1. Would you mention how many residues in the range 270-288 are over 16 Å from Gly197 (Cβ atoms), open to solvent by 40 Å² or more (accessible area, probe 1.4 Å) and under 10 Å from the mean Cα position of the chain (by Cα)?
2. Please determine whether any residue of the range 164-183 is open to solvent by less than 30 Å² (accessible area, probe 1.4 Å), closer than 30 Å to Ala78 by Cβ and modelled with pLDDT under 95.
3. For residues that are within 24 Å of Glu216 (Cα to Cα), among the small types (Gly, Ala, Ser) and in a loop (DSSP other than H, G, I, E, B), tally how many sit in the range 270-317.
4. May I ask you to say which residue of Tyr153, Tyr121 is open to solvent by less than 60 Å² (accessible area, probe 1.4 Å) and among the hydroxyl-bearing types (Ser, Thr, Tyr)?
5. Among the listed residues Thr223, Thr260, Thr249, which satisfies the condition of being buried (at least 16 other Cβ atoms within 10 Å of the Cβ), within 22 Å of Thr182 (Cβ to Cβ) and either of a type outside the set (Gly, Ala, Ser) or at pLDDT 95 or above (or both)?
6. Assess whether Gly300 counts as being under 21 Å from Gly160 (Cα atoms), at pLDDT below 95, surrounded by fewer than 22 Cβ atoms within 10 Å (Cβ to Cβ) and not acidic (Asp, Glu).
7. Going by what's in this entry, would Ala242 be described as out of contact with any Lys or Arg (no Cβ under 8 Å at 6 or more places or on another chain) and modelled with pLDDT of 95 or more?
8. Can you list residue pairs whose Cβ atoms sit under 7 Å apart, with the first residue in the range 61-86 being within 12 Å of Ser125 (Cβ to Cβ) and the second being small (Gly, Ala, Ser) and surrounded by fewer than 17 Cβ atoms within 10 Å (Cβ to Cβ)? Count only pairs 6 or more apart in sequence or on different chains.
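The values are calculated or read from the model by the stated rules, or taken from the named source; none is laboratory data. Remember, it's a predicted structure, so these values are computed and weren't measured experimentally. All Cβ positions, glycine included, derive from the backbone under ideal geometry; neighbour counts span all protein chains shown. Protein only, heavy atoms only, side chains kept; ligands, DNA and RNA dropped before computing areas. Shrake-Rupley method; radii C 1.70, N 1.55, O 1.52, S 1.80 Å.
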Amino acid sequence: MKLPRLVSPRALAASGVLGMNRRNYSYIMRYNRRADYPDVDDKLRTKELAMRAGVTTAELVGCIRFQYEVREFGKLVAPVPDFVIKPGHGSGGRGILVIKEHDGTRFRKANGAYCDYAMIYEHISNILSGLYSLGGQVDYALIERCIDFSDIYSRFSYQGVPDVRLIVFRGYPVMAMIRLATRESDGRANLHQGAVGVGLSIRDGSPRFAARHNREITHHPDTGAPFSELHVADWERHLDLAARCAEMTPLGYFGADIATDRQRGPLLLELNARPGLAIQIANGQGLLSRLKLIESLPEGAHPTRAEKIAFAREHFD
C-alpha cells in the first residue's frame, strides 16, 4: 500500500504506520532492556558477540583505550594494507576515518587525500577524549580492516557504499531497505541528507518502492538507473545474518545494517537498538501490522531461526 504524501495522524495510524511514540513505548522500551544496550552501543562488544554467534563482520585489527597506547598505533596497522578507525561508542558515522593504503608514514584516505602520522595521532586522541562518543563519554578507538565493498550496486549509488537495513523483531526479519548515496548526500547513505531508500521484499529482496525526501522516486537522481532493475545478491544470507543477530543479544527490536564484501559476501556493519522509522517511507507502507502479526504468534511458534525466516518470507512480501 502506497502512502499519500500529506495525511493526518489518524490516516497514518489507519495505514499501519508506526509512529515514534508508539515505537519507543510499545517496542523499544518493552522489548529492549536498558542493560542490554551495550550489546549494540559498544562496537567492540558487538563484534565480540558477533564472532561468538557466527555473524560475519569486518576483521578486527586492534583497540586503543589509553593515551599512552596511541604511540603503538603504527605497530598495530603495520601488517595490514588498509584500515578503519572508529570511536567505540560513536553514532551516526561521526569520527570514522578510512585509510585505503599506507606505508607507515603517509596514509591515503578514502577521498584520495593524504595525511601523516601526526594527524592520525590527533584523531585517535580526539576519539579517546569523547569528542565523537554518545554523551561525550570517554571512549576508545576500534581499528578494523576495510571492507572490500562489492561494486554490484555501482549503477544505483553515487560514490558512496550502499547498505541494507533490516528491522528484526523477536528474531523475525520484518522490513528491509537498501540505502543508496547521491550527489546531494555527499556519497553518504544517509536518508536525511538526500540519499535514496529502496524498500525490499522480505520474500526475495526485490525492490518494492523507493523514496527520497519523503517522495516516491523511480530512478537514481544522478546515475539514472531504474530501481526496478536493482537486485540484492545473496538475499538468503542477508536474512540469515540479520536473524542470527537476534541470537547474540537479548534485544527484541533492532536494526541490522549489512554491507556486501567482494570476497566474503554480506557482513554486519552494526546493530541499532533504536532504528529509525524512515524505512516505512522507503517501503511505501507501515510497519505496525507486521509487528502486530509477530506479537500475535503463540510463544515458541517458530523455535528455529530458519522457521522464523520462512514465516517472514511467506507473510512480508
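1. The number of residues fulfilling the criteria is 1.
2. No, every residue in the range 164-183 fails to be open to solvent by less than 30 Å² (accessible area, probe 1.4 Å), closer than 30 Å to Ala78 by Cβ and modelled with pLDDT under 95.
3. Of the residues in that region, 4 qualify.
4. Criteria check complete, one pass: Tyr153.
5. When all the criteria are applied, what remains is Thr260.
6. No; evaluated as a whole, the condition is false for this residue.
7. Against the criterion (out of contact with any Lys or Arg (no Cβ under 8 Å at 6 or more places or on another chain) and modelled with pLDDT of 95 or more), Ala242 qualifies.
8. That search, which allows pairs on different chains as well, returns Gln67/Ser125; Val70/Ser125.
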